[in-house]
Amino acid sequence: MANVFIRTSLAPYRIDTYNALSEKLNMRMCFYRRIALDQAFDPQWLESLCSFTPVYLKGIELGRSSRKLCFGIVRLLLKERPRIVVVPEFQLVLYQVLLVRFIFRLKFKIISMCDDSMDMIGNDNDFSGLHRRLRSFVPKLLDNLLLTTPAVCNWYKSRFGKGIWLPLINDGARLRETYHRLLPQAEALLQEYGLESAKTVLFVGRLVDIKNVQALLRAFGKVVQPAVLIVVGDGPMRGELEKLAGTIGKTVLFTGRLEGDALYSWYNVADLLVLPSLQEPFGAVTDEALEAGCRVIVSDRAGSSCLVGPSNGAVWKVDEGESSLASLIEEQLSAAGPRSYPLVLRQSGMVLNFDETMDRVVKEMES
């Protein structure tokens, strides 16, 4: 017997959560696909980080989205006889699981892992109209929901009496060991790009319109103090953004897409991470930066704003415009203070403890 967890695909920013759920709840970890549709993560690298053996469900893909009609759900649930089944958001597999529970009169709880942000809920800024409509009634069919921010959790509790706060964070001890190991690699980056004495601002993400990198570039052009902007990522807007960067009178470096050690080394280099997204269910890079001791600025559209306060950064109100973002960048670069050279592992800016968080989540899932 084992509990069952179903998700679309592995992702590096959720591996620690998956490992903890697998261990603490004896979960069979199942995924729609080995390679994500919207992220080109190396599957072998991801699997090497897992403390479990992923099960990949066969089925029929329904368009270029995360929707999939999965095969073997009946066999899986009848074999494992779980107490808890975790499903992804409000997708087709949820209704398959509901049907199996009804037909075979099984007693397991169904818990949805949902990435809604308050911006999506309060401002009708959803990824799709279908998701918005499903939100109005699907939670009534569930036993509980795993939600990424306290505000969203409170919203669901006020309407449906359900909600468990599971922020998208990493195991800080593991991540900081990685950052410590990569200090020499980070120093090599400083030397390669001549950044030993430069203040450094970092963006990490896909180069698409919704990430709002164009606003970051224009705001960075208004920053008075000397600084360099590092843009880590790739996407259809890269050419346009590189042209814009050439007009702002500041040094901007585009590294392309990075993952693993190549990405984590840049967190050791950066003084400040900026996530200016127009829509962001959470924003895993916020936790990654905070664990490295970076200060952060995230937009008020990002779920990860729940991790940010005066002690570690600032929340940018998108409606206040690019001049406001420029002022915040100035303030946060000053707050970061001088960089130690040679590099040292800075104090973590994270406000949550991973182990304590997972123990609480598991207790609430089981109660």
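When you scan segment 288-305, how many residues do you find that are buried (at least 24 other Cβ atoms within 10 Å of the Cβ) and more than 12 Å from Leu202 (Cβ to Cβ)?
Adding up the residues that qualify gives 9.
What pairs come out if I take residues in segment 351-367 that are more than 12 Å from Leu166 (Cα to Cα) and pair them with residues that are among the polar types (S, T, N, Q) and modelled with pLDDT of 95 or more whose C-beta lies under 9 Å away, six or more apart or interchain?
Val351/Ser311; Val351/Asn312
Select from segment 197-218 the residues that are of a type in the set (A, V, I, L, M) and assigned to a helix (DSSP H, G or I) and list them in ascending order.
Ile210, Val213, Ala215, Leu216, Leu217
Which residue is nearest to Gly161 (Cα to Cα), if the candidates are limited to segment 121-146 and must be under 19 Å from the mean Cα position of the chain (by Cα) and aliphatic (A, V, I, L, M)?
By that ranking, first place goes to Leu145.
In segment 148-178, how many residues are aliphatic (A, V, I, L, M) and more than 14 Å from the chain's Cα centre (by Cα)?
Final tally of qualifying residues: 5.
I'm trying to understand the selection: among the residues of segment 265-315, which are of a type in the set (A, V, I, L, M), within 18 Å of Asn353 (Cα to Cα) and free of Cβ contacts under 8 Å to residues at least 40 places away in the same chain?
Val308 - this is the single residue of segment 265-315 that is of a type in the set (A, V, I, L, M), within 18 Å of Asn353 (Cα to Cα) and free of Cβ contacts under 8 Å to residues at least 40 places away in the same chain.
Looking at segment 325-343, which of its residues are without any contact (Cβ under 8 Å) to a residue 40 or more places away in the chain and surrounded by 13 or more Cβ atoms within 10 Å (Cβ to Cβ)?
Correct list: Ser327, Leu328, Glu331.
On the given criteria, is Met113 of a type outside the set (Asp, Glu) and within 24 Å of Glu366 (Cα to Cα)?
Yes: the conditions hold for Met113.
Any residue that is out of contact with any strand residue (DSSP E or B) (no Cβ under 6 Å at 6 or more places or on another chain) and over 22 Å from Ala336 (Cβ atoms) - is there at least one of those in segment 289-306?
Taking every residue of segment 289-306 in turn, at least one turns out to be out of contact with any strand residue (DSSP E or B) (no Cβ under 6 Å at 6 or more places or on another chain) and over 22 Å from Ala336 (Cβ atoms).
Starting from residues that are more than 25 Å from Ala186 (Cα to Cα) and of a type in the set (A, V, I, L, M), keep the ones in segment 242-267 and report whichever is farthest from the chain's Cα centre (by Cα).
Ile248
Assuming Pro54 fulfils every condition listed in (1) surrounded by 15 or more Cβ atoms within 10 Å (Cβ to Cβ); (2) out of contact with any strand residue (DSSP E or B) (no Cβ under 6 Å at 6 or more places or on another chain) apart from one, which condition is it?
Pro54 satisfies every listed condition except (2).
Please work out which one of (1) modelled with pLDDT of 95 or more; (2) outside the structural domain of Ala326 (by TED's automatic domain parsing); (3) surrounded by fewer than 17 Cβ atoms within 10 Å (Cβ to Cβ); (4) more than 21 Å from Lys317 (Cβ to Cβ) is the condition Asn154 fails and give its number.
Going through the list (1) modelled with pLDDT of 95 or more; (2) outside the structural domain of Ala326 (by TED's automatic domain parsing); (3) surrounded by fewer than 17 Cβ atoms within 10 Å (Cβ to Cβ); (4) more than 21 Å from Lys317 (Cβ to Cβ), Asn154 breaks only (4).
Restricting segment 162-196 to residues that are among the charged types (D, E, K, R) and buried (at least 16 other Cβ atoms within 10 Å of the Cβ), which is nearest to Asn353 (Cα to Cα)?
Result: Asp171.
Can you tell me how many residues in segment 81-99 are farther than 27 Å from Thr148 by Cβ and surrounded by 13 or more Cβ atoms within 10 Å (Cβ to Cβ)?
Counting residues in segment 81-99 that are farther than 27 Å from Thr148 by Cβ and surrounded by 13 or more Cβ atoms within 10 Å (Cβ to Cβ) gives 1.
The conditions are (1) surrounded by fewer than 16 Cβ atoms within 10 Å (Cβ to Cβ); (2) closer than 17 Å to Asn170 by Cα, and Met358 fails exactly one of them. Which is it?
Met358 satisfies every listed condition except (1).
Per-residue answers, yes or no, for (1) aliphatic (A, V, I, L, M); (2) surrounded by fewer than 23 Cβ atoms within 10 Å (Cβ to Cβ):
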| residue | (1), (2) |
| --- | --- |
| Arg218 | no, yes |
| Gly233 | no, yes |
| Leu253 | yes, yes |
| Arg257 | no, yes |
| Gly260 | no, yes |
| Glu280 | no, no |
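Considering only segment 1-66, give the strands (runs of 3 or more DSSP E) lying wholly within it that have at least 2 residues that are farther than 24 Å from Arg174 by Cβ and aliphatic (A, V, I, L, M).
3-7
Considering only residues that are of a type outside the set (A, V, I, L, M, F, W, C) and in contact (Cβ under 8 Å) with a residue 12 or more places away in the chain, look in segment 62-71 and name the one that is surrounded by the fewest Cβ atoms within 10 Å (Cβ to Cβ).
Arg64
The values are calculated or read from the model by the stated rules, or taken from the named source; none is laboratory data. Everything quoted here is computed from the prediction, not taken from an experiment. FYI the Cβ positions are ideal-geometry reconstructions off the backbone, even for glycines, and counts take in every protein chain you see.
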